[in-house]
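Here's the structure, in structure tokens; my notes come after.
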Amino acid sequence: MDASTVTTDTICALATPHGVAGLAVVRVSGPKAVSVCDAFFRGQHTLGDTPGYTIRYGWWIDGTERIDSVTASVFRAPHSYTGEDVVEICCHGGPFTSQFIMNGLLKIGARLANPGEFTQRAFINQKLDLTQAEAVADLIHAQSAVGAQTAARQLAGGFTQRIKGLRTRLLDVIGLIELELDFSEEDVEFVDRSRLSTLLSDLVQEVNSLATSIHSAEILRSGFHVAVVGYPNAGKSSLFNALLERSRAIVSEVAGTTRDYIQETVYVDGYAVHLSDTAGIRLTDDSIELQGITLTRSMIEQSDAVLVVNDASMGIDHSDGLVQDVVSNFPGLTMLIVQNKADLVGGGIQPRSAVEFGCSARSGDGLIPVRNALLALIQQQTSQSTDVLVNARQATLLVQVSSSLSSALDSLSSGRPSDLMAVDIRSAIRLLGDISGESWNPDVLDTVFSRFCIGK
Amino acid sequence: MKQAKYDVLVIGGGHAGIEASIAAAKMGQCVGLISMDTNTIGRLSCNPSIGGSAKGHLAKEIDALGGVMGRIADASGIQFKMLNTSKGPAVWSPRSQNDKDLYPLVAQNLLLSTTNLEIISETVVEILVSGGKVSGVRTASNEEINARAVILCSGTFLNAVMWTGTDCTKGGRVGEPPAEKISDLLSSLGLEKGRLKTGTPPRIDRKSIDVRRFEPHNGDENPVPFSIHTHSVRNQLSCFATHTTSRTHESLEGGFSRSPMFTGLITGAGPRYCPSIEDKIYRFADKDSHTIVLEPEGLSSNTLYVNGFSTSLPKDIQDVGMRSIPGLEDATILRYGYAVEYDFFFPYQLTFGLQSKALDGLFFAGQVNGTSGYEEAASQGLIAGINAALYVRGEGSFTLQRSEAYIGVMIDDLVNKNTEEPYRIFTSLAEYRLLLRIDTVYDRLLPQGNKLGLVPDHVVSRYEILQRRTNELVQATQKTKVAVNEINKMLVEVGETPITEPTSAMNILRRPKVSIEQLLPMLDGVEQSVYQEHQDVAHRVDTMVKYEGYIEKLHRDVERFAEQEQQVIPPSFSYLGIKSLSTEGREKLERIRPGSLGQASRIPGVSASDVSILSLYLR
């Protein structure tokens, strides 16, 4: 990209997903956004005569051909998302209409936008800072209502402020150390070591809690993954269906490419819960070798919780061997045990622990407690931080910040000279700057903008 | 009348002028050094001392590149001390106390014994320009001296005014007149100038006080010279420490109404890091005492320099204030402190080779660039001298990177940053402080000095011996396995955990509380006596081993940094067209015109998002 394309190109892209839908939006941005649209738009007013923040109704006409009746929203620079002149053309959905509109625009000098280019222009025109640009990507990819809200808060700049705050405090610390290093013993007293140690430990704790909140963030962004295991005919599928029905959510059945597993998504109070059923368990009915079944193992490893389904009519302890296997192979992983087909057991089910539930997928009895237990698990695992949404890039950097600061603390306690401590603290400051965009790092830009698909 | 033509003319015989003349002459140029009063060449105008925190690094770097400051300091030194040994090796820094009469004599002898170099006693009133290039100078006696390059090292003398209280005298140093015409002439050529201030403390008579009442500050037990050329140095005198009291502060405050600083008579900004005593009292009102060190000005001098008491207050106030200091009740002031206000030229107008961007062949070095300190001036003089010689030869310029030398850090800062106060070097200004240690200075710079023709081969051979010793010792620590019973007693004594199986000496040396000296007797094939003699080598190996991880990490950072430096911004690049740059960022970029993205990112006022935007434009 050279200077001329950044300033003079007019770009366009479909801003809504491809496919069948009620409406589609084509977004055009750049110095010629208004004039290229005026070549096709016929209404009571031209778009050129239209002030910013105004919507016009009219026909989109290419040559002699009426493409569609559309509305065109006009935004005038710098009061638009990108900071340039922007027109958003809202036409009827379906793959063809929007494509015809795009083709016309491309013919007369607009260019197809690169992935993330709208947001990149917003960044260049200082409408967004780097973490806000990242938040746009997060918002687009958010899989939960809470995630979207959090990303929206980050878009408002809250996360940047947190990181800037940490960085400012570190700058105070380095100031003390540099003062001590730069003046001879005769001029300046040594900084109180216990004070330094307290300052650094506090910072390490905060950075760690931010860094570990990536787990919460991942759940909010991508959903809560539950591996469902159980012997064949334990009623996993009917449990799935019952949960789906109860939650009145959109059903999406994704068959694995090798048909090794089934994943379904249900929404529980605005959280996406991905339930995965593992074929491995289904096939190995009596000899349960979790160790040996790679796919099952990796699926459980990547899950936030395991749900064991037992056919209670075969005995309440029928799957205890399986439970034991999971516990010993995945220590620390949260588990729920569902005693299904409770309606077939005379006298009902007496749960043996707080994570065990009796229910009947067929009749729907006892499903609400299961659903509530899932919700409680999600809330517990996302409680760490809901005011910022840390993504992988930021988490990686935060882990590096934490390790630099820990190394500084280690130098402090083992009595190494403070010029080493200074190296670690300076590097932590630089890394925090990379997160917030306060220091300049050429790699950061690429990483951030590579997460966009076209049109954002 | 026209004099013989010179290749390089150096104006001013201070620390910058000396290095510039000798470097250019050694590089084969015919050099003229012009001074208003040749007896004043090489004077220590302020404190009788060379080196100190970070400044000692500069003095060592000058030596490694083939400059002379370290040699002069060694030959005229009366006390030598390594500062900051209680801190990390990156901030170890040598300092000497020097005989104020001897220092200029040694300097002048060096100049006189340099071939191709003539000393000219004259005042320059005009810099001659022809065809957009410098062509020489005109002197006060209306002589034209032709030269292909001119290096301006005028120190604090441009339009200089001295202040003591409200008394004001024209001059750049006590008893010496200012240089008045050059500054205006350069302004008329379009160069932007500013005004700065510096000061010096009173000197007192040693005979008027009893030095036995003070805590002596002595040199090191084993004094180490600055220069690789010097074999040994010796401590001959002590300094003495005392402090101001609240009574001192009260009496000085009594003179604030007649202070040229506080009444607005002096408009130039002073150095924040070397403040006057009145500044310290005003800014640190909660401190009721400041350290004062009495430094002898020489072996045959009764004068004591009152370090920490720089002032431009009226004379009567200086007397009263001085006598309120414990031990100085009867002190006689031989010379009162004063402030000097002078013109400087903003160094953003220079290339990294210290040549004027506006006028080919004109170089600037020293305080005229807004710096403070002998060492800062001398290093610039050296770089300007080298580059003037290269310019005359028609060769490309010689510059040092920030990752290579404090000199590189300083010049990069000068070109990129605003000079709002006199610039002083600090170790914290270096991103790669750990790499710029004094024990690495000859690795970093001696080969470059040799290539330039400033460091003779026999000095390089001496350095290579030290290199070999260093490598041998490193290898010995790698190879030697230390037995459990051999080392555990010592480990426990110093407070380290004992080992359970034979371990390499190198691994043991990595522990913070173990020193190389303790391991020397155990190392295979190492003659202890060699390293007892070469303690610097032993100490160096200690640092190399202990800091290895950090040093490697910094080297990787340097490589990353180099990539940014290679992202070239074309000289013709127009910032004005990029509306999205911040207003301040655009102005700074337009003014300084950085050569690379890395440089742009270091300009204050150019934000990270400005640089990101630039980088998108440069793709």
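Does B:E584 satisfy the condition of being on the phi < 0 side of the Ramachandran plot, within 34 Å of the chain's Cα centre (by Cα) and without any contact (Cβ under 8 Å) to a residue 40 or more places away in the chain? Judged against the criteria, B:E584 is a match.
Looking at the structure I just gave you, is B:E221 in contact with a strand residue (DSSP E or B) (Cβ under 6 Å, 6 or more places away or on another chain), open to solvent by 60 Å² or more (accessible area, probe 1.4 Å) and free of Cβ contacts under 8 Å to residues at least 60 places away in the same chain?
Numbers: in contact with a strand residue (DSSP E or B) (Cβ under 6 Å, 6 or more places away or on another chain): no; open to solvent by 60 Å² or more (accessible area, probe 1.4 Å): yes; free of Cβ contacts under 8 Å to residues at least 60 places away in the same chain: yes.
Judged against the criteria, B:E221 is not a match.
Does B:Y442 satisfy the condition of being aromatic (F, W, Y), at pLDDT 90 or above and more than 28 Å from B:P275 (Cα to Cα)? Yes: the conditions hold for B:Y442.
Rundown of residues vs (1) open to solvent by less than 40 Å² (accessible area, probe 1.4 Å); (2) in contact with a His (Cβ under 8 Å, 6 or more places away or on another chain); (3) within 14 Å of chain B (Cβ to nearest Cβ); (4) in contact (Cβ under 8 Å) with a residue 40 or more places away in the chain, yes/no style:
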position	(1), (2), (3), (4)
A:Q350	no, no, no, no
A:S363	no, no, no, no
A:I368	no, no, no, yes
A:N372	no, no, no, no
A:L405	yes, no, no, yes
A:D410	no, no, yes, no
A:R416	no, no, yes, no
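Across the range B:264-286, the number of residues qualifying as part of a helix (DSSP H, G or I) and either open to solvent by 80 Å² or more (accessible area, probe 1.4 Å) or farther than 22 Å from B:I425 by Cβ (or both) comes to 5.
Taking into account only those residues within the range B:417-432 that are open to solvent by less than 10 Å² (accessible area, probe 1.4 Å) and within 14 Å of another protein chain (Cβ to nearest Cβ), which is nearest to B:P604 (Cα to Cα)? Let's see the steps before the verdict.
First pass over the range B:417-432, keeping only residues open to solvent by less than 10 Å² (accessible area, probe 1.4 Å): B:422, B:425, B:427, B:430.
Then keep just the ones that are within 14 Å of another protein chain (Cβ to nearest Cβ); that gives B:425, B:427, B:430.
On the way: B:I425: 17, B:T427: 19, B:A430: 16 Å.
If we take residues in the range B:417-432 being open to solvent by less than 10 Å² (accessible area, probe 1.4 Å) and within 14 Å of another protein chain (Cβ to nearest Cβ), then B:A430 is nearest to B:P604 (Cα to Cα).
If the condition is being open to solvent by 80 Å² or more (accessible area, probe 1.4 Å) and outside any loop (DSSP other than H, G, I, E, B), then the range B:472-503 contributes B:E472, B:Q475, B:Q478, B:K479, B:K481, B:N485, B:E486, B:K489, B:V492, B:E493. Filtering B:E527, B:E496, B:E559, B:E552 for residues that are over 30 Å from B:I603 (Cβ atoms) and within 14 Å of chain A (Cβ to nearest Cβ) leaves a single hit, B:E496.
This table checks each residue for (1) over 31 Å from the mean Cα position of the chain (by Cα); (2) not basic (K, R).
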site	(1), (2)
B:N450	no, yes
B:G453	no, yes
B:R462	no, no
B:K489	yes, no
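Report yes if B:T85 is β-branched (V, I, T), surrounded by fewer than 24 Cβ atoms within 10 Å (Cβ to Cβ), part of a loop (DSSP other than H, G, I, E, B) and modelled with pLDDT under 95, otherwise no. Here the answer is yes, as B:T85 does meet what is asked.
Go through B:I292, B:I333 for me and flag whichever is under 26 Å from B:E215 (Cβ atoms), modelled with pLDDT of 95 or more and outside the structural domain of B:G77 (by TED's automatic domain parsing). Working first, answer last.
Details: B:I292 fails: modelled with pLDDT of 95 or more.
Being under 26 Å from B:E215 (Cβ atoms), modelled with pLDDT of 95 or more and outside the structural domain of B:G77 (by TED's automatic domain parsing) holds for just one of B:I292, B:I333, which is B:I333.
Quick one: is B:S379 surrounded by fewer than 19 Cβ atoms within 10 Å (Cβ to Cβ), of a type in the set (S, T, Y), closer than 26 Å to B:V150 by Cα and touching a Gly at 6+ places or on another chain (Cβ under 8 Å)?
Details: surrounded by fewer than 19 Cβ atoms within 10 Å (Cβ to Cβ): no; of a type in the set (S, T, Y): yes; closer than 26 Å to B:V150 by Cα: yes; touching a Gly at 6+ places or on another chain (Cβ under 8 Å): yes.
Against the criterion (surrounded by fewer than 19 Cβ atoms within 10 Å (Cβ to Cβ), of a type in the set (S, T, Y), closer than 26 Å to B:V150 by Cα and touching a Gly at 6+ places or on another chain (Cβ under 8 Å)), B:S379 does not qualify.
Determine whether the range B:117-134 contains at least one residue that is in a helix (DSSP H, G or I) and surrounded by fewer than 23 Cβ atoms within 10 Å (Cβ to Cβ). Spell out how you get there, then give the answer.
Step one: list which residues in the range B:117-134 are in a helix (DSSP H, G or I), which gives none.
So far as the range B:117-134 goes, no, none of its residues is in a helix (DSSP H, G or I) and surrounded by fewer than 23 Cβ atoms within 10 Å (Cβ to Cβ).
In the condition set (1) under 28 Å from the mean Cα position of the chain (by Cα); (2) closer than 17 Å to A:V229 by Cα; (3) modelled with pLDDT under 80, A:I281 is compliant with all but (1). Annotation: of all residues in the range B:90-135 being free of Cβ contacts under 8 Å to residues at least 24 places away in the same chain and among the hydrophobic types (A, V, I, L, M, F, W, C), the one that is farthest from the other protein chains (Cβ to nearest Cβ) is B:L128.
Picking from A:G109, A:G104, A:G83, A:G94, which residue would you name as being buried (at least 18 other Cβ atoms within 10 Å of the Cβ) and at positive phi? Don't jump to the end; show me each part of the working.
On the way: A:G109 fails: buried (at least 18 other Cβ atoms within 10 Å of the Cβ); A:G104 fails: at positive phi; A:G94 fails: buried (at least 18 other Cβ atoms within 10 Å of the Cβ).
From the options A:G109, A:G104, A:G83, A:G94, the qualifying one is A:G83.
The single condition among (1) within 12 Å of another protein chain (Cβ to nearest Cβ); (2) closer than 30 Å to B:A476 by Cβ that B:E517 does not satisfy is (1). For the range B:80-89, the condition of being in contact with a Leu (Cβ under 7 Å, 6 or more places away or on another chain) and within 14 Å of chain A (Cβ to nearest Cβ) holds for at least one residue. Search the range B:557-578 for residues being part of a helix (DSSP H, G or I) and open to solvent by 90 Å² or more (accessible area, probe 1.4 Å), and hand back the single one that is farthest from A:R121 (Cα to Cα). Within the range B:557-578, the match that is farthest from A:R121 (Cα to Cα) is B:E559.
Here are the criteria: (1) out of contact with any strand residue (DSSP E or B) (no Cβ under 9 Å at 6 or more places or on another chain); (2) modelled with pLDDT of 95 or more. Tell me which single one B:S428 does not satisfy. It is condition (2) that B:S428 fails. Apart from one condition, B:L581 fits all of (1) in a helix (DSSP H, G or I); (2) surrounded by 20 or more Cβ atoms within 10 Å (Cβ to Cβ); (3) within 12 Å of chain A (Cβ to nearest Cβ); the exception is (1).
Tell me which residues, restricted to the range B:392-407, are under 19 Å from B:L452 (Cβ atoms) and surrounded by fewer than 22 Cβ atoms within 10 Å (Cβ to Cβ). Talk me through it step by step, then tell me what you get.
As a first pass, look at the range B:392-407 and keep what is under 19 Å from B:L452 (Cβ atoms): B:392-401, B:404-407.
Scanning the range B:392-407 gives B:V392, B:R393, B:G394, B:E395, B:G396, B:S397, B:F398, B:T399, B:Q401, B:E404.
Applying a threshold of 7 Å to beta carbon distances and a minimum spacing of six or more residues, or different chains, the list of pairs starting in the range A:1-17 at a residue that is more than 14 Å from every other protein chain (Cβ to nearest Cβ) and ending at one that is buried (at least 19 other Cβ atoms within 10 Å of the Cβ) and modelled with pLDDT under 75 reads A:A13/A:G455; A:L14/A:G455; A:A15/A:G455. Within the range B:181-194, residues that are touching a residue at least 12 places away in the same chain (Cβ under 8 Å) and over 13 Å from B:S154 (Cβ atoms) reach partners that are of a type outside the set (S, T, N, Q) and loosely packed, with under 13 Cβ neighbours inside 10 Å with beta carbons closer than 9 Å, at six or more positions or on different chains, in the pairs B:G194/B:E420. Pairing each residue of the range A:316-328 that is at positive phi with any residue that is of a type in the set (D, E) and part of a loop (DSSP other than H, G, I, E, B), provided the two are 6+ apart or on different chains, yields no C-beta distance under 7 Å.
The values are calculated or read from the model by the stated rules, or taken from the named source; none is laboratory data. If you're wondering where the values come from, they're calculated on a predicted model, not measured in any experiment. In this analysis, Cβ positions are derived from the backbone assuming ideal geometry, glycine residues included, and neighbour counts consider all displayed protein chains. These accessible areas exclude ligands, DNA and RNA; they are computed on the full protein's heavy atoms, side chains included. Shrake-Rupley method; radii C 1.70, N 1.55, O 1.52, S 1.80 Å.
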